[in-house]
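The values are calculated or read from the model by the stated rules, or taken from the named source; none is laboratory data. What you see is a predicted model, and the numbers here were worked out from it, not measured in a lab. Here Cβ is always computed from backbone atoms with ideal geometry, including for glycine, and neighbour counts include all displayed protein chains.
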Amino acid sequence: MKKYRIVLSEREIPQAWYNIQPDLPAPLPPPIHPGTGKPIGPQDLAPIFPMELIKQEVSQERWIEIPDEVLRIYKLWRPTPLHRAYSLEKELKTPARIYYKNESVSPAGSHKPNTAVAQAYYNKKEGVRRLVTETGAGQWGSALAFATCLFEMECTVYMVKVSYQQKPYRKSLMRTWKAVVHPSPSNLTNAGRKILEIDPDCPGSLGLAISEAVEDAATHDDAKYALGSVLNHVLLHQTVVGLELKKQLELAGEKPDIIIGCVGGGSNFAGLVFPFVADKLKGQTIELIGAEPASCPTLTRGPYRYDFGDVAKMTPLLKMYTLGHSFIPPAIHAGGLRYHGDAPLLCLLVNKGVIGARAYFQNEVFEAAVTFARTEGILPAPETAHAIKCAIDEARKCRSSGEEKCIVIGFSGHGFFDLGAYEAYLDDKLEDFAYPQHMIEEALKEVPVIEG
Ligand SMILES: Cc1ncc(COP(=O)(O)O)c(C=O)c1O
């Protein structure tokens, strides 16, 4: 009998997160203090993060136990189902077997609560009253608002202005969970005011919203900062996704040939594939592909070098593929993928050739999203649709070659708050935009030169 959904029981939620650091093929270049040029220590991060998360950031333990309180909240939606996309396969006339791991069933609608709940938990435990963050698409802000609400904490969200305007109902969701939401750039911080003076109509960027949120947290004693991607501890928390996926594929009797996820800061994709990286390093044949927008082509066109994580240069320098911290990407609809850098852990693995990357234009991405919605029924987030586009291309290759590959998509979120973008696509009003090389080079001129 055909099995459409492979589900696990509550008891099978992973009890520990997988930390890839001891299994890396080369040492991870450390974050650098911009003032001293030396690696930063835990004390440098203490003003904005709780100590337990700082410890996780540098931990070399392969497994980190998930606290009971976090597991209890995970049970509201985890384990998430793995679906077999029979209807999509039929539409594509492909001999490939396509699966998708569905993180859209979380309360906030994406993978982001996997780390939001953990971060809120550790902050609450260390007496923090308010968490401050940025959000692009609104998915991360919603996830943190949900988590802080459950832990009875306050939450302030700086939302990239273009998304704030494109998605007013994401803001309503965050406010329902008691968060206070500001469009970024705002006049509430020095970083925001500085940009508004130069460009009052600035659409904002994730890098800029990060500057505002870090400044807010660093200048208030009762508040700390929470980041929704990029950092090691965030990627760590997301590994519940890949760990469940591994079990589910075993239950389905499958060995994946290709796993595909979209990449914004890298936590979704890393959470999905890191549990498979160790197998790959031991010699298993498996292709791991990150899908990103052609208008923000970090992994496919950025150089691998140290750069700041934010526009105002408040964060440590991280070694990553980067388009330059001053890069303001065009206002495409996949707001969650508009970040100038990527997670250092992920970048190292791309640099070592363990992980690959592809870039796509938004019209072809929405075409894939609509094909998916018309076959599998679920409306993908524009971010997620990048992975779907890549999977459809791979499945079509199988049709030509006759190969019966097993392809897995990380279905990172639903698109119910992105209907404005779908409307624009269906009305033929979406524009494609490849970022011009000279503008990337221009932004890179401001990136400090650091060896290593
Ligand atoms: C639905 C969805 N998928 C993927 C991403 C990219 O996230 P990450 O930073 O984890 O790569 C986002 C970011 O907001 C998102 O909203």
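Listed here are the residues, each with its yes/no results for (1) under 13 Å from the mean Cα position of the chain (by Cα); (2) under 29 Å from Ile195 (Cβ atoms); (3) buried (at least 20 other Cβ atoms within 10 Å of the Cβ); (4) modelled with pLDDT of 95 or more.
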| position | (1), (2), (3), (4) |
| --- | --- |
| Glu250 | no, no, no, yes |
| Phe269 | yes, no, yes, yes |
| Ile289 | no, no, yes, yes |
| Pro297 | no, yes, yes, no |
| Ala312 | no, yes, yes, no |
Looking at (1) under 27 Å from Ile54 (Cα atoms); (2) surrounded by fewer than 24 Cβ atoms within 10 Å (Cβ to Cβ); (3) touching a helix residue (DSSP H, G or I) at 6+ places or on another chain (Cβ under 7 Å); (4) acidic (Asp, Glu), find the lone condition where Glu103 falls short.
(2)
Failed condition for Ala209, given (1) out of contact with any helix residue (DSSP H, G or I) (no Cβ under 6 Å at 6 or more places or on another chain); (2) closer than 14 Å to Gly335 by Cβ; (3) of a type in the set (A, V, I, L, M); (4) modelled with pLDDT of 95 or more
(4)
Would you confirm whether or not the range 12-26 contains a residue that is small (Gly, Ala, Ser) and either at pLDDT 95 or above or touching a Ser or Thr at 6+ places or on another chain (Cβ under 6 Å) (or both)?
yes
If I go through the range 40-69 residue by residue, how many of them are of a type in the set (A, V, I, L, M) and touching a Lys or Arg at 6+ places or on another chain (Cβ under 8 Å)?
1
Restricting the range 243-283 to residues that are touching a helix residue (DSSP H, G or I) at 6+ places or on another chain (Cβ under 8 Å) and over 25 Å from Ala143 (Cα atoms), the residue that is farthest from the ligand (Cβ to nearest atom):
Lys255
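Results for (1) modelled with pLDDT under 95; (2) part of a helix (DSSP H, G or I); (3) buried (at least 24 other Cβ atoms within 10 Å of the Cβ); (4) within 16 Å of the ligand (Cβ to nearest atom), shown as yes or no for each residue.
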{"residue": "Met320", "(1), (2), (3), (4)": "no, no, yes, yes"}
{"residue": "His333", "(1), (2), (3), (4)": "yes, no, yes, yes"}
{"residue": "Gly353", "(1), (2), (3), (4)": "no, no, no, no"}
{"residue": "Glu367", "(1), (2), (3), (4)": "no, yes, no, no"}
{"residue": "Ile378", "(1), (2), (3), (4)": "no, no, no, yes"}
Is it true that some residue in the range 90-97 is closer than 21 Å to Pro67 by Cα and more than 14 Å from the ligand (Cβ to nearest atom)?
no
For residues that are without any contact (Cβ under 8 Å) to a residue 40 or more places away in the chain and buried (at least 24 other Cβ atoms within 10 Å of the Cβ), scanning just the range 118-145, find the one that is nearest to the chain's Cα centre (by Cα).
Ser142
Which residue pairs have Cβ atoms closer than 6 Å, lie 6 or more positions apart in sequence or on different chains, and pair a first residue in the range 222-247 that is closer than 28 Å to Leu8 by Cβ with a second residue that is among the acidic types (Asp, Glu)?
Asn232/Glu57; His233/Glu57
Of Thr115, Thr148, the only residue that is buried (at least 24 other Cβ atoms within 10 Å of the Cβ) and either in contact with a strand residue (DSSP E or B) (Cβ under 9 Å, 6 or more places away or on another chain) or small (Gly, Ala, Ser) (or both) is Thr148
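When you go through Pro25, Pro31 one by one, which is the residue that is within 24 Å of Val214 (Cα to Cα) and in contact (Cβ under 8 Å) with a residue 60 or more places away in the chain?
The conditions single out Pro31.
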Which one of these is within 20 Å of Phe269 (Cα to Cα), modelled with pLDDT of 95 or more, loosely packed, with under 15 Cβ neighbours inside 10 Å and among the charged types (D, E, K, R): Arg72, Arg62, Arg78?
Arg62
